[in-house]
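Quick notes on the structure that follows.
The values are calculated or read from the model by the stated rules, or taken from the named source; none is laboratory data. As the structure is a prediction and not an experimental result, all values here were calculated from the model. In this analysis, Cβ positions are derived from the backbone assuming ideal geometry, glycine residues included, and neighbour counts consider all displayed protein chains. These accessible areas exclude ligands, DNA and RNA; they are computed on the full protein's heavy atoms, side chains included. Shrake-Rupley method; radii C 1.70, N 1.55, O 1.52, S 1.80 Å.
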Amino acid sequence: MSIPPVSLPVLMPLALCWPFLSMGVLAACSPASARAAGVGLSAVGLGLAALAVALRSVWPGTPFAVPPGALGLLLPLPLLALFLACLSADMAPGRRGTGVLMHGLAGGAAVATACADPLSGAVAVGGVAMLVALATAVTRGAARAGWDLFRLSLSGILLAVPGAALLAASDAAGRLEGLGGLLLTVGLGTVAGLGPAAPVVLAAGDAVAPMALAPVMTAIPVLRHLAQGQDRIGVMALGLVTLWLMALSIRVAPPERRGRLSVGLMIGLAAVAAGAGGGAGLAGLVALLLSVALMGPLARQAGPDRHGPWDGSLAPLIHSPFLPFGGVVLTLVALCDVAPMLVLPMAVGVVVGSPLPVGGAVRTGWLGRGVTAMLLGGLVVLVLRGWR
Amino acid sequence: MGSPLPGLLIAASVVLSGLRWALPWQAGLVVLTLLAAALDVEAPVRPCLAALFVVAGTAPLVWGLARLEDRPPVPTERISGVGGGLMLTILAVLAVPRGLIDAVTRPDLIAALVAILSGVLAAAVRRSVVGQCAGLAAALNGLMLLAGLAGRDAVLAGAVALQAALLVVAFVCLRRIAWGREPT
């Protein structure tokens with residue numbers, strides 16, 4: 001028995017506009033209360049988005065709606081990452097601008113995720129990526145990293161927008177449709193830091209704080225659109241290339257960078273799951289992106305000189321019986337159906353990219369333990385419901 | 001349309017993309033193609049508007065890039081740019097079917113795609129930041145051509161926003177890099 005959707009036309013506009021309203025509130029409030037206000041506002045935004053998903057809300061007269069099926073769970077993920085980032089961030093007075101920008105980024109990512117039209121979605125994703133790149137580029141001391149990121153984002157958008165326009169052409173067919181799909185895949189993948197673009201995005205992530213969340217914020221809407229695209233083989237190839245690039249980088253990276261690279265590895269895996277499609281593939285995609293949203297904000301805290309709520313590498317979590325592992329299994333199941341030849345390279349890539357922690361067990365803070373509990377709970381849900 | 005403009009634009013995009021002094025030449029060809037197309041279509045406002053934005057975006061960028069020191073492309077960069085551009089042109093010709101696609105004739109659509117792809121390629125293979133910026137500007141001109149001829153208003157608005165962003169970053173970021181305040 002299915003529950004009929006409740007008509008609440010204000011909910012979706014409110015959920016999508018809330019992060020942008022939060023930007024204004026945060027910019028106006030005093031430095032002393034900025035952190036508490038950020039946590040509260042992001043919690044309200046997350047609650048609104050979760051409610052919109054539960055009620056399958058739509059914004060009448062616009063292409064904004066909760067994505068169909070399991071993809072609907074992707075809508076609140078940018079706001080979940082924002083909430084965790086607000087909880088874990090040390091909001092010094094000099095970093096208020098960063099906090100304000102993070103709310104705008106999460107809002108842009110939620111808007112791009114909710115957009116049903118691929119062309120408008122590509123433009124919205126591009127807007128998010130360009131906002132990050134602009135913020136980095138105009139930061140003093142980060143001009144080179146910012147330029148590289150800007151060049152990458154603009155190149156991706158310049159490929160994705162014509163691709164989406166060709167797909168949207170009313171009489172496009174055959175090879176032209178194939179060309180549009182290919183351009184859209186490669187362009188969006190470049191914006192999200194998939195494939196050969198991955199090292200640039202992750203290297204630029206060391207520059208300033210908003211960049212730490214950039215791969216999370218761009219990967220969620222991009223993979224939502226790619227999962228519904230037609231170029232399945234291209235998406236899987238991008239994911240596999242990203243997986244191996246990250247796996248090889250993790251082997252030689254210092255321990256403090258492995259957390260960030262593990263997030264990139266999970267995004268690559270999610271792209272493979274998105275390309276594989278089907279029930280198991282979509283469940284795996286949601287599981288892996290949920291893991292990315294949970295661990296992405298904490299990965300930047302890792303490092304020997306940081307004693308945040310989460311210390312140490314995230315790479316071993318791929319091996320652990322947690323939510324990422326469930327996502328890996330679901331991706332493997334989906335691949336067995338669609339492209340059995342890719343199962344071996346994917347499995348070997350995951351093993352190569354999951355070295356044991358250096359210098360003993362992974363230590364976790366209170367937030368890390370909470371996230372771990374959520375990941376474990378997610379595994380239970382996946383086991384009970386994800387296979388269908 | 002029997003105009004030689006799309007062919008000239010394809011050749012200029014493949015051979016000259018990523019060179020700052022070639023940017024006004026490429027932008028001029030884009031403007032002429034847009035204006036020629038405006039004479040053929042029923043609603044000439046969008047092509048004319050796109051041509052206006054191409055001029056408004058390219059002129060300050062050319063002025064700014066002329067004040068920065070540029071390193072000419074090494075042979076490897078030239079070979080990669082021209083060889084890759086030729087390959088992308090062949091792919092575009094093969095991929096775009098014969099006949100009209102919305103209001104765009106086939107040569108115009110191929111020219112716009114080649115301009116975009118060659119510009120992105122130049123931005124990827126050039127090591128000089130000035131060359132990278134010129135490549136991106138050339139690709140943006142190609143997107144403006146596509147938006148002016150066949151795109152929707154959202155594409156034209158997006159292209160204008162991207163052009164504004166490129167101008168901001170070029171004037172803030174490239175000056176810092178090229179004048180030695182930041183490591184290159």
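Take each residue in B:166-176, count the other chain C-beta atoms within 10 Å of its C-beta, and the mean is 5. For the Cα atoms of chain B, what angle does the longest principal axis make with the long axis of helix B:5-16, in degrees from 0 to 90, nearest 10? Roughly 20 degrees, rounded to the nearest 10.
Taking a ≥ b ≥ c as the square roots of the eigenvalues of the Cα gyration tensor, chain B is classed as oblate, since a/c reaches at least 1.5 and a/b does not exceed b/c.
Counting only DSSP H runs of at least 4 residues, each contributing -39500 (n - 2.57), and dividing by the residue count of chain B, the helix-based mean residue ellipticity at 222 nm comes to -24500 deg cm²/dmol. Shielding by partners for peptide A:180-191, expressed as the average number of C-beta atoms from other protein chains within 10 Å of each residue's C-beta, is 1. For segment B:120-139, a decrease in accessible area of 40 Å² or greater in the assembled protein chains relative to the isolated chain, with a 1.4 Å probe, applies to B:Val120, B:Gln132, B:Leu136. The accessible-area loss of segment B:79-97 on complex formation, taken against its chain alone with a 1.4 Å probe, reaches 40 Å² or more at B:Ala95, B:Pro97.
Computed from protein heavy atoms with a 1.4 Å probe, the total accessible area buried between B and A is close to 3000 Å². The mean count of C-beta atoms from other chains within 10 Å of the C-beta of residues in A:75-86, rounded to a whole number, is 0. At a probe radius of 1.4 angstrom, the accessible area of segment B:5-177 per residue rounds to 41 square angstrom. For segment A:4-78, what % of the accessible area comes from carbon and sulfur atoms, probe 1.4 Å? With neighbouring chains kept in place, the figure for segment A:4-78 is 80 percent. Just name one of B:Ala137, B:Thr33, B:Ser3: the one whose Cα is farthest towards the positive end of the charge dipole of chain B (beta-carbon charges, Lys/Arg +1, Asp/Glu -1). Checked the options; the winner is B:Ala137.
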